[in-house]
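Heads up: the structure comes next, in structure tokens.
Taken together, the values in this text are just the output of simple stated rules run on the coordinates, not laboratory data. Nothing here was measured: the structure is a model prediction, and the numbers come from that model. Cβ atoms come from the backbone with ideal geometry, glycine included; neighbour counts cover every protein chain shown.
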Amino acid sequence: MPSVTTAPAVSIQAKSLVNAKSSPCSPEIIDIRGEHVEFNLKEDIISHFNPDNGPRTLPTLLLYNERGLQLFEEITYLDEYYLTNYEIEVLKKSSADIARRIPEGSMLIELGSGNLRKVCLLLQAFEELAKSIEYFALDLSRKELERTLAQVPDFKYVSCHGLLGTYDDGREWLKQPAIAGRSKCILHLGSSIGNFHRDDASGFLGGFADVLQPSDTMLVGVDSCSDPAKVYHAYNDKQGLTHRFVLNGLTHANELFGQEVFDLKNWRVIGEYVYDEEGGRHQAFVAPIRDTDVLGSTIMPHERIQIEQSLKYSQAETETLWAAAGLTEMGRWTRGDEYGLHMLQKSSIPFSLIPSIYATGPLPPIHDWEALWTAWDVMTKGMIPKEELWEKPIKLRNACIFYLGHIPTFLDIQLTKTTREPATSPAYYWSIFERGIDPDVDNPEQCHAHSEIPDEWPPIEAITTYQDNVRSRLRELYRGGPERIPRNVARGMWVGFEHELMHIETLLYMMLQSDKTLPPPHTGRPNFEKLAKQAYEARVPNEWFDVPEQIITLGMDDPEDGTDPSCHFGWDNEKPARQAKVHAFQAHGRPITNEEYAQYMYNSHIDQIPASWAEAPSNTANGNGTLNGHATNGVKNGNGHSNGNGHSNGNGHSNGNGHVTREFPESFIHGRFVRTVYGLVPLKLALDWPIFASYDELEQCASWMGGRIPTFEEAKSIYAYVNKQKRAEAERTLGKTVPAVNAHLVNEGVEEDPPSQALAPLAEDNSQLFLDLAGANVGFRHWRPVSVTSRGNKLAGQADMGGVWEWTSSNLTPHEGFKPMGLYPAYTADFFDGKHNIVLGGSWATHPRIAGRKSFVNWYQRNYPYAWVGARLVRDV
């Protein structure tokens, strides 16, 4: 396809997209491309052909000009090209069954639609079932959309539309509230998922899983053929058609440059089937047959330049892919063990990062509760051995079993207060489970009021029965419809919901200090060695960014006696909304990393390691860069340090600033590890992760690095500025992924150079209380921190710190207009003691309702070592 030029933005509200009836003569095509999208394929060729690092490649998008699309369509009719043939065979046999599983009135969105002859088999099945469906074909070529949609039969029950845009445009379109709430099935046919590198494939699918409601589905075609000869001949046919298709990409490049950059007489196509530790795949290369000068470089005959790949997935690899993408298989239709169509639904966890999904209204829908309980049960029933429930991973805090009783008890108290109905039996649980202990770090004998600690906790079976009964009580309130729940009762339910969200992190950071914690049973163990290598290769300097003077809005309005059913609830420390003028300053793009903290320790002759690290004896590694047991962390923590507010616990943001200092010797980090739910990960494999530690520890590190930790207002100013820039960036940058034509070649897409630091400010839209968290490591997207050193060239916003909360230097104090909340007056007020600092954002375990709410405020004692909180540097202008 030719390069894309500027296209006008299209407002979803302005489009008649749900009621229009398509006809084969005049298909409706909705332009969903973002504003000011400029895609320069010519520059992309240059950057791929002469990369700073790694082998030469060519962008696969070169293959898909108008002639390339025609050639590819011819390829799909070849006998050797089994992918299309097998998929058609499966669809002919199974379309009726598939169509029966998709609800009446659903939207059917096909990603990279290309030739529609396969999907028409499915559309015909809806027609025969007399089932009304709206089909949307997404592609980047208007001409192809017009051509292919015009060939679709004039269905009675199926209306057809085109979507003009990229994959990313499609995902943004699906986020719109008017669409997010509709029943939908997303189609990705032709084994196009094989066009992505395996790590990218899960990210791609996960991005679309995020826009799904619990009842929505995806239908994904997967090529599982393991016959090397069959795979090879599918891409190296005897007619040479596929090789002509590939060489046409070089012709396309010549057209873009306006000259013969590639002399086709000097080039050939090489195809190969590869099976290694990454699995099976076909790769296509172009190579010169003699020394050839191209774009200032001399290419030798032995050099091969990759232009496409197509990965094959075994059943085990497919299951791993679904788990990594946060999807669950609900149905499968196959052609032997060589090809399959897989119907998928979004798993309960990870939680969606899209505001129209994670914050549909003030009261969480019942399916959000069910997802929360799934996460809670995974932790308490799958990650804590039963005998460990009576242990205290952090001394002088309650045993883990307390939290199993505390969560349902706290909810039952709120429901009883607001409904004025009797408490769930046994009522005496209120006296032992209402509130946990939260001692002063400096003097553990000092502690706020808390429930009595019994000599013996109730049996786990009794607590589980009580938990089930309280959950049933809550479900009963939803039975008549959430719109019929009085607002005061809904507030109590919301308090219970967010309280449970916060305590997921409380329990998890306690579990991280135990050597008995098991990994999450539904996830695979990450390859930490591979991830470390990728992170190191992707490092960029941690830049300073100018944050201008601006007036920002802090907090939100939520009158406790209000009656507006659309008004979101907030905790007392979030209210009321107020404005603050924040001076100009500079901020680092990302937070401090484990490596930078190690440099600080080494150069400052500090021996005590943070509680997030551990020093382990020479145990046997498990083969994937982790140890199965935890060991003492060297921190004097016998006092059971509190988590600050008894609720949410975070972990900080990405690291580093490129501080130039003396390197530490390998021996300094040898035998040191980072604590994770997968066991101890060698520190050398986690150097690019954000460090999480106490404020006191990170404040000293920040000073040594030449900066300081931002105030509450400065951090909020950073977030407001980033939100403005994200809008501008979205208007300029083409999505990273470009739609593929069904089932053939990889589309590596285009990535614009990092945006300039000096961007024109835009007006902040403060009416949006919740953020789109796409790309953020929150909501169990990963069960660990992730590398941040590749993101120093971009200013991180709220909850975008690699999976940790962000420290501020501001004490938790009552602001003007603060009033303790009626349902839980001690929630914040108990911690106005001058010892707690505000933290913002969210950790990898923070629910998006918290991580994405602009007004949410968390806090910890400054010297509390266990919280998942990191820090970034700021400095005065």
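Rounded to the nearest 5, the antiparallel percentage of DSSP beta bridges internal to the chain is 70%. Find how many whole Å separate the alpha carbon centroid of region 210-280 from the alpha carbon centroid of region 157-208. First find each Cα centre; the distance between them is then 21 Å.
Helix 594-604 and the longest principal axis of the Cα set of the chain meet at an angle near 50°. Where in region 490-534 does the label zone of E560 land, with the point 7 angstrom along Cα→C-beta and an amide N cut-off under 13 Å? Counting only backbone N, you get 491-492. The label point for S215 and the one for E255, both projected 7 Å from the Cα toward the Cβ, are 4.6 nm apart. Compared with the dominant Cα axis of the chain, that is its longest principal axis, helix 712-732 is turned about 10°. With respect to the chain, whose longest principal axis is taken over its alpha-carbon atoms, helix 119-128 is tilted by about 80°.
What ranking do 106-113, 178-185 get when scored by the average of other Cβ atoms within 10 Å per residue, highest first?
Working: 106-113: 24.2, 178-185: 17.4.
The peptides rank, most packed first, as 106-113, 178-185.
Once backbone amide H atoms are built at 1.01 Å from N, N858 has V839 as its partners under 5 Å, excluding neighbours fewer than 5 places away on the same chain.
Return S612, S352, S667, S347 ranked ascending by Cβ neighbour count within 10 Å, so the fewest neighbours appear first.
Values: S612 34, S352 24, S667 7, S347 19.
Ascending number of Cβ neighbours within 10 Å: S667, S347, S352, S612.
Ordering S310, S604 from the fewest to the most neighbouring beta carbons within 10 Å gives S604, S310. Residues in region 378-389 carry Karplus couplings, in order, of 4, 5, 7, 10, x, 10, 10, x, 3, 5, 7, 4 Hz; the curve used is 6.51 cos²θ - 1.76 cosθ + 1.60 with θ = phi - 60°, and Gly or Pro positions show x. Here is how the number arises for the chain: DSSP H runs of 4 or more residues each give -39500 (n - 2.57), the sum is divided by the residue count, and the result at 222 nm is -9500 deg cm²/dmol.
Just subtract the alpha-carbon distance of D154 and V877 from 0.36 nm times their residue separation and send over the number in nm, one decimal.
Working: separation 723, 0.36 × 723 = 260.28 nm, distance 6.50 nm.
Residue separation times 0.36 nm, minus the Cα-Cα distance, leaves 253.8 nm.
If you take the Cα centroid of region 798-816 and the Cα centroid of region 80-132, the two points sit 49 Å apart.
Full extension of the chain segment joining H670 with E456 gains 72.8 nm, where the gain is 0.36 nm per residue of separation less the Cα-Cα distance. Close amide H partners of G802, meaning residues 5 or more places away or on another chain with modelled amide H under 5 Å apart, are S654, N777. The phi torsions of region 201-213, fed into the Karplus equation with coefficients 6.51, -1.76 and 1.60 and a -60° offset, translate into couplings of 4, 5, x, 5, 5, x, x, 7, 4, 4, 8, 8, 7 Hz, rounded to whole numbers, with Gly and Pro shown as x. Across region 321-336, rounded Karplus estimates of 3J(HN,Hα) from the backbone phi angles (6.51 cos²θ - 1.76 cosθ + 1.60, θ = phi - 60°) give 4, 4, 4, 5, 8, x, 10, 10, 6, 10, x, 8, 10, 10, 10, x Hz, Gly and Pro being marked x.
Just so you know, the Cα atoms of region 229-311 work out to an Rg and Dmax of 13.7, 42 Å.
Fewest first, what order do H522, H188 take by the number of other Cβ atoms within 10 Å? Each step should come with its number before you reach the end.
Numbers: H522 14, H188 25.
In order of increasing Cβ crowding within 10 Å: H522, H188.
Computing FRET efficiency as 1/(1 + (r/R0)^6) for E74 and N527, where r is the C-beta to C-beta distance and R0 is 45 Å, gives about 0.70. Taking the charge dipole of the chain about its Cα centre, with +1 at Lys and Arg Cβ atoms and -1 at Asp and Glu Cβ atoms, the residue from H522, V778, L138 reaching farthest to the positive side is L138.
Mind ranking 853-864, 40-51, 679-690 by how tightly packed they are, going by the mean number of other C-beta atoms within 10 angstrom, highest first? Walk me through the numbers on the way to the answer.
Values: 853-864: 24.1, 40-51: 16.7, 679-690: 26.1.
In decreasing order of mean packing, 853-864, 40-51, 679-690 become 679-690, 853-864, 40-51.
When a/c is below 1.5 the answer is rounded, else prolate if a/b is larger than b/c, else oblate, so apply that to region 360-511 with a ≥ b ≥ c taken from the square roots of the Cα gyration tensor eigenvalues. Taking the square roots of the gyration eigenvalues as a ≥ b ≥ c, region 360-511 is prolate. FRET efficiency for the D52 to W373 pair, using the beta carbon distance and R₀ = 51 Å, is estimated at 0.60. Ordering A871, S855, G496 by the projection of their Cα atoms onto the charge dipole of the chain, which places +1 on the Cβ of Lys and Arg and -1 on the Cβ of Asp and Glu, puts G496 at the extreme positive end. With 0.36 nm allotted per residue and the present C-alpha distance subtracted, the D468-E66 stretch has 138.7 nm of extension available. In this Cβ point-charge picture (+1 for Lys and Arg, -1 for Asp and Glu), the chain has a dipole of about 820 debye about its Cα centre. Highest mean first, the peptides 417-425, 121-129, 590-598 sorted by other C-beta atoms within 10 Å per residue fall in the order 590-598, 121-129, 417-425.
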